[in-house]
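This report refers to the structure that appears directly beneath it.
The values are calculated or read from the model by the stated rules, or taken from the named source; none is laboratory data. These figures come from a predicted structure and were not determined experimentally. Glycine gets a Cβ as well: all are built from the backbone with ideal geometry, and neighbour counts include every protein chain shown. All accessible areas refer to the heavy atoms of the entire protein, side chains included, with ligands and DNA or RNA removed. Shrake-Rupley method; radii C 1.70, N 1.55, O 1.52, S 1.80 Å.
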Amino acid sequence: MAREEQSAECIFCRIASGEIPATIVYQDELVVAFRDVNPQAPTHVLVIPREHVPSLNAVSEQDKDSIGHIVRVSAQIAEAEGCADTGYRLVANCGPEAGQSVDHVHFHLLAGRRLGWPPG
Ligand code: 5GP
Ligand code: ZN
């Protein structure tokens with residue numbers, strides 16, 4: 001069964017459609033990237049598929065283009081933000097123990113400070 005492309009209740013779907021404002025740094029037909037409203041580093045961008053995919057657990061064959069594209073787009077954003085060489089982290093939280101708080105797949109692009117490892 002086809003998945004619903006957008007969810008009216010999903011804040012990230014509403015950002016992707018332009019219904020809710022966000023500082024968008026990149027968008028194309030597959031993905032949208034915008035600044036996190038509560039940044040955890042000098043650069044904190046969220047990169048999402050336009051399609052509503054609730055979590056990494058729900059990623060399927062039909063998402064491989066958008067999810068793969070997110071990695072490429074993130075590297076381009078890192079270049080534009082001036083952190084491609086100094087370093088950045090691309091991370092996706094999945095589920096409660098990882099701290100996922102929005103049920104629409106998103107990758108955090110974090111940079112601009114030394115990032116601890118292991119993460120908390
Ligand atoms: P998670 O906790 O699910 O890994 O990440 C969700 C992220 O979305 C958080 O870093 C949070 O600050 C961000 N966020 C939540 N609501 C909004 C919003 O309305 N606009 C923007 N730009 N970011 C949001
Ligand atoms: Zn959504």
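Hey, can you tell me all the residues within region 84-97 that are more than 16 Å from ligand 2 (Cβ to nearest atom) and over 16 Å from Gly116 (Cα atoms)?
Of region 84-97, the ones more than 16 Å from ligand 2 (Cβ to nearest atom) are 84-91, 95-97.
Matches in region 84-97: Ala84, Asp85, Gly95, Pro96, Glu97.
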Look at Glu51 and say whether it is farther than 24 Å from Trp117 by Cα and of a type outside the set (S, T, N, Q).
yes
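For region 81-120: of the residues being among the acidic types (Asp, Glu) and either surrounded by 13 or more Cβ atoms within 10 Å (Cβ to Cβ) or part of a loop (DSSP other than H, G, I, E, B) (or both), which is nearest to the chain's Cα centre (by Cα)? Step through it out loud before you land on a result.
Here is the first cut: in region 81-120, the ones among the acidic types (Asp, Glu) are 81, 85, 97, 103.
After this cut, where a residue has to be either surrounded by 13 or more Cβ atoms within 10 Å (Cβ to Cβ) or part of a loop (DSSP other than H, G, I, E, B) (or both) as well, the list is 81, 85, 103.
On the way: Glu81: 16, Asp85: 21, Asp103: 11 Å.
Only one residue tops the list, namely Asp103.
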Can you name every residue in region 92-112 that is more than 8 Å from ligand 1 (Cβ to nearest atom), over 21 Å from Glu5 (Cα atoms) and touching a strand residue (DSSP E or B) at 6+ places or on another chain (Cβ under 8 Å)?
Leu109, Leu110, Ala111, Gly112
Qualifying positions in region 1-58 - under 12 Å from the mean Cα position of the chain (by Cα) and of a type in the set (S, T, N, Q)
Gln27, Ser55
The listed residue being at pLDDT below 95, open to solvent by 60 Å² or more (accessible area, probe 1.4 Å) and polar (S, T, N, Q), out of Gln27, Gln6, Gln62:
Gln6
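Hey, among Pro21, Pro42, which residue is loosely packed, with under 13 Cβ neighbours inside 10 Å and in contact (Cβ under 8 Å) with a residue 60 or more places away in the chain? Quick ask: steps written out before the conclusion?
On the way: Pro21 fails: in contact (Cβ under 8 Å) with a residue 60 or more places away in the chain.
Only one candidate qualifies: Pro42.
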Region 30-39, residues that are open to solvent by less than 60 Å² (accessible area, probe 1.4 Å) and within 13 Å of ligand 1 (Cβ to nearest atom):
Val32, Ala33, Phe34, Asp36
